[in-house]
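The values are calculated or read from the model by the stated rules, or taken from the named source; none is laboratory data. This is a predicted model, so every value here is computed, not measured. No Cβ is skipped: glycine too gets one built from the backbone with ideal geometry, and neighbour counts run over all protein chains shown.
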Amino acid sequence: MKYITEIKPEPIKEVKTIDLFGINSHSKADCEFVRIKSASTFEPIINLKVESDYSPTFKQSEVVDGMVIVGYGNRFSIFDLNYKETKVNLSFDGYFGSFKVDNREIFVSTDSEMINLTFQGIEKWKADNLAIDGIIISRITETEIIGSGEWNPPGGWESFVLDRNTGKKIKTKC
C-alpha cells in the first residue's frame, strides 16, 4: 500500500494518535501531527504526535516500504507502520535539517552533521563538522554524497564530497 503524509497542527479525529517522540506532554498547543493516509483512497490510517525542544523550522515526513520517516525540530524518528512501533528516536544538539532516502539507506542532515541509517535505525556512520548552520544534500551516487555546508551565515556555503560507505570527506570546496 502507498501512503501520503502531511504535518498539520490538528490530528485526524477518526483514527488513533501515537506520541512518536515519547515526550508525553499533555498540551497539544506546542505540537503537530504527522497525518498518514492511504494514497489511493485518502482513508486516514494514523496520527503521529510530534514536538520538539527547538522550533520546527525544518520538518519532513515520508513513508517508504512501510516505514514512516520523520524529522522535526531537533528530532528524527523511524516508525514501523505495520507493527506500530518506533524503530529509532534521535535527538540532536542542534536542529534537524532534512533527510534523503536512497537504496534503503537514510541520510539525515542536521545543522552540522550527517548520519547514515538503515531502515531499522542502525547507524552506519556519522560525519561531523560539515557546517555550522545547515547542510544541503545535493546528490547521492553509488559511491559518493555531494553536498554543501553553511560556514558563514548567511550564504557562506562550502561544497563537500563524502564517501558513501564511510562518511569520510573525499573533497572539500569542490
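State yes or no: is Phe79 surrounded by 17 or more Cβ atoms within 10 Å (Cβ to Cβ), under 29 Å from Trp151 (Cα atoms) and of a type in the set (Phe, Trp, Tyr)? Reasoning before the result, please.
Details: surrounded by 17 or more Cβ atoms within 10 Å (Cβ to Cβ): yes; under 29 Å from Trp151 (Cα atoms): no; of a type in the set (Phe, Trp, Tyr): yes.
Considered against the rule, which asks whether it is surrounded by 17 or more Cβ atoms within 10 Å (Cβ to Cβ), under 29 Å from Trp151 (Cα atoms) and of a type in the set (Phe, Trp, Tyr), Phe79 comes out as no.
Answer with yes or no whether Ile69 is part of a strand (DSSP E or B), within 23 Å of Ile135 (Cβ to Cβ) and hydrophobic (A, V, I, L, M, F, W, C). Taking the combined requirement at face value, the residue satisfies it. Could you tell me whether segment 34-47 includes any residue that is among the aliphatic types (A, V, I, L, M) and not in a strand (DSSP E or B)? Yes: one or more hits.
Only strands (runs of 3 or more DSSP E) whose full extent lies in segment 109-174 are considered here, and the ones with at least 3 residues that are surrounded by fewer than 20 Cβ atoms within 10 Å (Cβ to Cβ) and over 14 Å from the mean Cα position of the chain (by Cα) are 123-127, 135-140, 144-152, 156-163, 169-172.
The single condition among (1) in a strand (DSSP E or B); (2) surrounded by fewer than 22 Cβ atoms within 10 Å (Cβ to Cβ) that Thr57 does not meet is (1). Annotation: Lys84 fulfils all but one of (1) touching a residue at least 60 places away in the same chain (Cβ under 8 Å); (2) on the phi > 0 side of the Ramachandran plot; (3) crowded, with 18+ Cβ neighbours inside 10 Å; the unmet one is (3).
Residues are listed down the side, and each one gets a yes or a no for (1) in contact with an Asp or Glu (Cβ under 7 Å, 6 or more places away or on another chain); (2) charged (D, E, K, R); (3) more than 13 Å from Asp111 (Cα to Cα); (4) modelled with pLDDT of 95 or more:
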{"site": "Leu130", "(1), (2), (3), (4)": "yes, no, no, yes"}
{"site": "Ser138", "(1), (2), (3), (4)": "no, no, yes, yes"}
{"site": "Glu142", "(1), (2), (3), (4)": "no, yes, yes, yes"}
{"site": "Glu150", "(1), (2), (3), (4)": "yes, yes, no, yes"}
{"site": "Gly155", "(1), (2), (3), (4)": "no, no, yes, no"}
{"site": "Ser159", "(1), (2), (3), (4)": "no, no, yes, yes"}
{"site": "Arg164", "(1), (2), (3), (4)": "yes, yes, yes, yes"}
{"site": "Lys168", "(1), (2), (3), (4)": "no, yes, yes, yes"}
{"site": "Thr172", "(1), (2), (3), (4)": "yes, no, yes, no"}
